[in-house]
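Student: Encoded as structure tokens, here's the structure I'll be asking about.
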């Protein structure tokens with residue numbers, strides 16, 4: 001019997017708060033249960049196994065995207081607020097001149 005094995009490591013930004021239940025690395029192993037002597041059946045099963053592995057990785061990385069996305073969103077909000085304050089100060093200075 002053969003299997004598909006995928007290992008990945010996530011290296012989030014240092015500021016990212018990583019929940020304890022969210023591992024930074026994972027190995028997924030999905031067995032390929034198909035006879036090798038029937039090519040059509042084997043490749044059909046292999047296609048399904050690869051789809052299953054892809055879906056597992058996608059679910060994991062979606063959680064990471066959400067964790068890092070919240071960090072990026074807070075950075076954007078802070079940056080926009082700083083720009084707005086700077087713009088207001090420039091307008092006041094121009095009016096005084």
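The values are calculated or read from the model by the stated rules, or taken from the named source; none is laboratory data. Nothing here was measured: the structure is a model prediction, and the numbers come from that model. All Cβ positions, even for glycine, are placed from backbone atoms using ideal geometry, and neighbour counts span all protein chains on display.
Student: Only residues that are under 30 Å from residue 74 (Cα atoms) and in a loop (DSSP other than H, G, I, E, B): list them for region 1-11, please. I'd like the intermediate steps shown before the answer.
Tutor: So the first thing to find is which residues in region 1-11 are under 30 Å from residue 74 (Cα atoms), and the list is 8-11.
Within region 1-11, 10, 11 qualify.
Student: With the checklist (1) more than 30 Å from residue 74 (Cβ to Cβ); (2) in contact with a helix residue (DSSP H, G or I) (Cβ under 6 Å, 6 or more places away or on another chain) in hand, flag the one item residue 16 doesn't pass.
Tutor: The one condition residue 16 does not meet is (1).
Student: Of all residues in region 11-35, which are in contact with a strand residue (DSSP E or B) (Cβ under 7 Å, 6 or more places away or on another chain) and within 28 Å of residue 70 (Cα to Cα)? Give the steps one after another, and end with the answer.
Tutor: Let us first name the residues in region 11-35 that are in contact with a strand residue (DSSP E or B) (Cβ under 7 Å, 6 or more places away or on another chain), namely 24-32.
24, 25, 26, 27, 28 - these are the residues of region 11-35 that are in contact with a strand residue (DSSP E or B) (Cβ under 7 Å, 6 or more places away or on another chain) and within 28 Å of residue 70 (Cα to Cα).
Student: Would you mind stating whether residue 13 is at pLDDT below 85 and within 30 Å of residue 3 (Cα to Cα)? Step through it out loud before you land on a result.
Tutor: Details: at pLDDT below 85: yes; within 30 Å of residue 3 (Cα to Cα): no.
When the stated conditions are applied, residue 13 does not pass them.
Student: Looking at 41, 22, 46, can you tell me which residue is part of a helix (DSSP H, G or I), touching a residue at least 12 places away in the same chain (Cβ under 8 Å) and surrounded by 10 or more Cβ atoms within 10 Å (Cβ to Cβ)? Walk me through it before giving the result.
Tutor: Working: 41 fails: touching a residue at least 12 places away in the same chain (Cβ under 8 Å); 22 fails: part of a helix (DSSP H, G or I).
Checking each option against the conditions leaves just 46.
Student: Outside any loop (DSSP other than H, G, I, E, B) and without any contact (Cβ under 8 Å) to a residue 40 or more places away in the chain: is that true of residue 14 in this structure? First the steps, then the outcome.
Tutor: On the way: outside any loop (DSSP other than H, G, I, E, B): no; without any contact (Cβ under 8 Å) to a residue 40 or more places away in the chain: yes.
Answer is no for this residue.
Student: Counting only residues that are assigned to a strand (DSSP E or B) and touching a helix residue (DSSP H, G or I) at 6+ places or on another chain (Cβ under 8 Å), which one in region 25-38 is surrounded by the fewest Cβ atoms within 10 Å (Cβ to Cβ)?
Tutor: Start the filter on region 25-38 by keeping residues that are assigned to a strand (DSSP E or B), which leaves 25-32.
Still in the list and also touching a helix residue (DSSP H, G or I) at 6+ places or on another chain (Cβ under 8 Å): 26, 28, 30-32.
On the way: 26: 14, 28: 16, 30: 17, 31: 11, 32: 15.
Ranking the candidates gives 31 first.
Student: While we're on this one: Conditions: (1) in contact with a strand residue (DSSP E or B) (Cβ under 9 Å, 6 or more places away or on another chain); (2) more than 29 Å from residue 69 (Cβ to Cβ). Residue 38 meets all but one. Number of the miss?
Tutor: The number of the failed condition is (1).
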